[in-house]
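Scroll down for the structure; my scribbles are underneath it.
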Amino acid sequence: MSPAPELKLHHVPPSHPSRAVEAALVIKGLDFELVDMSDPSAPHTEAMEAIFGEGNGTVPGLTVDGEPVHGSRPIMARIEELAPDPPLFPADRADEVREAERWGDDELQQLGRDLAWGALHFRPEQLGVVAGGEPLDPAGTDFAIRYVRATWRYHGLTAVRIAEDLEGLPEKLDHVDALIADGVIGGETPNAADLQIGSTLRIFDTIGDLAPLLADRPAGDLGERWFPEYMRGAVLPAGAFPAGWVPERS
Ligand SMILES: N[C@@H](CCC(=O)N[C@@H](CS)C(=O)NCC(=O)O)C(=O)O
């Protein structure tokens, strides 16, 4: 038997796609080292590109005996090659899981970033809560206002985009309910799509304004089910988004 490969998962702790692949490594029982790429003075992109190549500045990135694998979906696929059981792409619905994983990455994941940073713009003192502590004092809030502004600029966030994200959210949550009803996700053990979609839903759990959209439905339980410890207790109180921005559920 060949020795187990050396696995290093490069992440930043709040990142939901990083949590998704970390959960996959844990489920597979693989030993790995977590490398925290956070740098309070600069985005992690440059340091990531130095390891994973130009244009690969986002987290997560995995090295397998030094071989770089970048992005949550390629990492899921590589983990599946390294340890087939329990499967991340169960044979009886592998294509459906792959498509749901793609949807979770391409169409849902960004909303985790947009809506969290969006809500924090209106409640910057809550940055302390999201980081696992208390609401910030006035001096801390001054820092948070600058930090959130810089993040909006960096990600090209606008109020229009956030309002549109919110408008489209009921339809996306319906899609997650349908994936659960069809047995693509939400089974006994999480597959790659469960982890990709569930990690974003866990972020939604932290935004109090979204609670009415998430309550009493299968999609509303998925984040907590697969990521009970991630963001535990971090909830931005409802009322952050301006009145009328959060739509009724469909
Ligand atoms: N869809 C990609 C993107 C990951 C992504 O955007 N990660 C964020 C953190 S959650 C990041 O590193 N952002 C920094 C940047 O956009 O420069 C994946 O799933 O790997």
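The values are calculated or read from the model by the stated rules, or taken from the named source; none is laboratory data. Note that this is a predicted model, so its numbers are computed, not measured. So basically every Cβ, Gly included, is an ideal-geometry build from the backbone, and we count neighbours across all protein chains shown.
Odds and ends about this structure:
- Enumeration of residues in the stretch 188-222 that are outside any helix (DSSP H, G or I) and within 17 Å of residue 87 (Cα to Cα): 188, 189, 190, 191
- Test result for residue 108, assigned to a helix (DSSP H, G or I) and either more than 15 Å from the ligand (Cβ to nearest atom) or touching a helix residue (DSSP H, G or I) at 6+ places or on another chain (Cβ under 7 Å) (or both): yes
- Considering residues of the stretch 67-93 that are small (Gly, Ala, Ser) and touching a strand residue (DSSP E or B) at 6+ places or on another chain (Cβ under 9 Å) only, the residue surrounded by the fewest Cβ atoms within 10 Å (Cβ to Cβ): 77
- The stretch 198-250, subset out of contact with any Leu (no Cβ under 6 Å at 6 or more places or on another chain) and of a type in the set (Val, Ile, Thr), residue surrounded by the most Cβ atoms within 10 Å (Cβ to Cβ): 203
- Here residue 42 fits the description: within 19 Å of residue 14 (Cβ to Cβ) and part of a loop (DSSP other than H, G, I, E, B).
- One residue from 119, 139 being at pLDDT 95 or above, away from the ligand (no atom under 14 Å from the Cβ), surrounded by fewer than 16 Cβ atoms within 10 Å (Cβ to Cβ) and not in a loop (DSSP other than H, G, I, E, B): 139
- Residue within the stretch 92-99 that is assigned to a helix (DSSP H, G or I), within 12 Å of the ligand (Cβ to nearest atom) and basic (Lys, Arg) present: no
- For residue 61, the conditions (1) under 16 Å from the mean Cα position of the chain (by Cα); (2) more than 10 Å from the ligand (Cβ to nearest atom); (3) at pLDDT 95 or above all hold with the exception of (2).
- The single condition among (1) surrounded by 14 or more Cβ atoms within 10 Å (Cβ to Cβ); (2) more than 17 Å from residue 19 (Cβ to Cβ) that residue 187 does not satisfy is (1).
- Residue in the stretch 1-39 that is farthest from residue 197 (Cα to Cα), counting only those that are more than 16 Å from the ligand (Cβ to nearest atom), touching a residue at least 12 places away in the same chain (Cβ under 8 Å) and part of a helix (DSSP H, G or I): 28
- Residues that are surrounded by 17 or more Cβ atoms within 10 Å (Cβ to Cβ), modelled with pLDDT of 95 or more and touching an Asp or Glu at 6+ places or on another chain (Cβ under 9 Å) are absent from the stretch 146-156 altogether.
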